[in-house]
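As structure tokens, the structure follows; a few thoughts come after it.
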Amino acid sequence: MKEKSMIYLITVLSLFFNKTLNSQGMIVNTSLEKRVENSSFVIEGRVVHQKYLWDSAYKSIYTVNTVLILNQLKGENYHDTINLITPGGIVGNDKIEVFPSLKLNINDVGLFILNKANIDFERNVNNFSNFIPEYSKLSFIKYDMGNFSAFDDFTSYPDIERDIYGKLNSLGLKFENKLNTFQTKELDLRSPNAVSISSFTLTTITAGTQSVLTINGSGFGSSQGSGKVEFRNADNGGSGYMSPIANEYVSWSDNQIKVEVPSRAGTGDIRVTNDSGSSDVSSSDLTVTYNLTNINYNSDKYRPNLVDADGSGGIEFVFYTDFYNDANAMGAFTRALNSWRCGGGTGVYFEAGGSSTTDQASSDNVNIIRFDNGSELPSGVLGRTTNYYSGCGNPIDWFTSEIDIVFDDNAGG
């Protein structure tokens, strides 16, 4: 008889290993020095374009991030841009999301720590300049050019020159300091209409639910222009900020902004930047009690649904043979399932099935639990979940079509 259990997938990942982990995902912290030493290509750059492609076997979708090289620190010379390949993306009515993984936005600027990629795509992409993030999310240190600081999932770098360049110099890397050329526009911090946040309501709110936050103050500008509101990013423990998409802004005036709190926004301060580049950070924290996943599609957002994929009320997971036959692995996974069945709260049911000969995480209608093969997972990643979504209808509805989980077979030692 199959055991029905309630689980939250990312928590299953964290319960599987008895290690101290990043609270937002299955990543082990790795020093900046080690990341750089074990990577063949290190640059400072800006993301200038993105496109999404299936691989040649139509099993996975990748994001091809075009990165403009602002400063090269390590590796052979390339032309002005490279392609940084990250897992996940959306093509037509199919979307794949991988957690944890590096997710970038247009105009993100920072330090990229990379190795060469070897991925075949459905259509031609210049493989000569294709790279992958060797350390997943830790392969990118994002710069905040407003105060010349930086951050990754584990570490804040208050001073780029001291805290990043100092470490790189200690490794013998020789490069020119070009920080002053990285800003996309001149900051007008002396403007008489400098941004000031006086208050916001609600102070406790949910994210990804169309809940509206009202921000009061001055100097926001009579219109939004390139202005933005930023929330602490729950995906990296709040060490950086993330912004709503355009249609989540409800209204914008010089003394008040109304904005929906976007999916993945986390508890912490909020930051408002006006069209002139002046910004202010709230003196108190916004509390986000929970988050719902949204899918951004055609400049709009959608909430995906769970469907009865196995014909008995939920989704059936199966286990690749070596995982299924590993008593410790199955025992840990089952304890995690039982913990969530007894603790409850999600209201979502999944079934734990039997063994399977499927040994890949790919779009194949099999919800597989398995160990990785060789160096399949990025360095420092102990496990990851891949969610597959499909959309249909007009207006479109999105639903979860498949979920795969892969564990590092060496991480439990």
Exercise for the section: Kindly check whether there is at least one residue in the stretch 98-108 that is touching a residue at least 12 places away in the same chain (Cβ under 8 Å), more than 19 Å from Leu377 (Cβ to Cβ), in a strand (DSSP E or B) and touching a strand residue (DSSP E or B) at 6+ places or on another chain (Cβ under 7 Å). Expected result: no
Practice task
For residues that are closer than 16 Å to Val36 by Cα and among the polar types (S, T, N, Q), tally how many sit in the stretch 116-166.
Solution key: 3
Handout entry: Gly374 being outside any loop (DSSP other than H, G, I, E, B), out of contact with any Pro (no Cβ under 7 Å at 6 or more places or on another chain) and of a type outside the set (Val, Ile, Thr)
Key = no
Completion exercise
Within the stretch 231-251, the residues that are in a strand (DSSP E or B) and buried (at least 21 other Cβ atoms within 10 Å of the Cβ) are Phe231, Arg232, Asn233, Tyr241
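Among the listed residues Asn365, Asn338, identify the single one that is at pLDDT 65 or above and more than 27 Å from the chain's Cα centre (by Cα).
None of the others qualify; the one that does is Asn338.
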Handout entry: Leading residue by the ranking (surrounded by the most Cβ atoms within 10 Å (Cβ to Cβ)) among those in the stretch 121-157 that are farther than 30 Å from Arg384 by Cβ and of a type outside the set (A, V, I, L, M)
Key = Phe148
Practice task
Taking only the stretch 279-335 into account, find how many residues are at pLDDT below 90, over 25 Å from the mean Cα position of the chain (by Cα) and polar (S, T, N, Q).
Solution key: 2
Handout entry: Qualifying positions in the stretch 252-278 - part of a loop (DSSP other than H, G, I, E, B) and either among the β-branched types (Val, Ile, Thr) or over 21 Å from the mean Cα position of the chain (by Cα) (or both)
Key = Ser253, Asp254, Asn255, Val261, Asn274, Asp275, Ser276, Gly277, Ser278
Problem - Filtered residue count, the stretch 368-387, keeping only those that are in contact with a helix residue (DSSP H, G or I) (Cβ under 7 Å, 6 or more places away or on another chain) and within 12 Å of Tyr135 (Cα to Cα) - result: 3
Exercise for the section: Report yes if some residue within the stretch 178-200 is over 18 Å from Val272 (Cα atoms), modelled with pLDDT of 85 or more and loosely packed, with under 14 Cβ neighbours inside 10 Å; otherwise report no. Expected result: yes
Exercise for the section: Within the stretch 373-404, work out how many residues are surrounded by 20 or more Cβ atoms within 10 Å (Cβ to Cβ) and acidic (Asp, Glu). Expected result: 2
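Can you tell me how many residues in the stretch 162-177 are of a type in the set (Asp, Glu) and either surrounded by 15 or more Cβ atoms within 10 Å (Cβ to Cβ) or at pLDDT 95 or above (or both)?
1
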Fill in the blank from the handout: Listed by first then second residue, the pairs whose first member lies in the stretch 233-244 and is under 15 Å from Leu138 (Cα atoms), whose partner is assigned to a helix (DSSP H, G or I), with beta carbons under 9 Å and at least 6 positions apart or on separate chains, are Asp235/Lys137; Asn236/Lys137
Practice task
All but one of (1) in contact with an Asp or Glu (Cβ under 7 Å, 6 or more places away or on another chain); (2) under 21 Å from Asp144 (Cα atoms) hold for Ser283, so report the exception by its number.
Solution key: (1)
Exercise for the section: Quick one: count up the residues across the stretch 55-72 that are at negative phi and more than 21 Å from the chain's Cα centre (by Cα). Expected result: 6
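The values are calculated or read from the model by the stated rules, or taken from the named source; none is laboratory data. Given the structure is predicted, the values throughout are model-derived calculations rather than measurements. Neighbour counts are summed over all protein chains in view; Cβ atoms, including those assigned to glycine, are modelled from backbone coordinates with ideal geometry.
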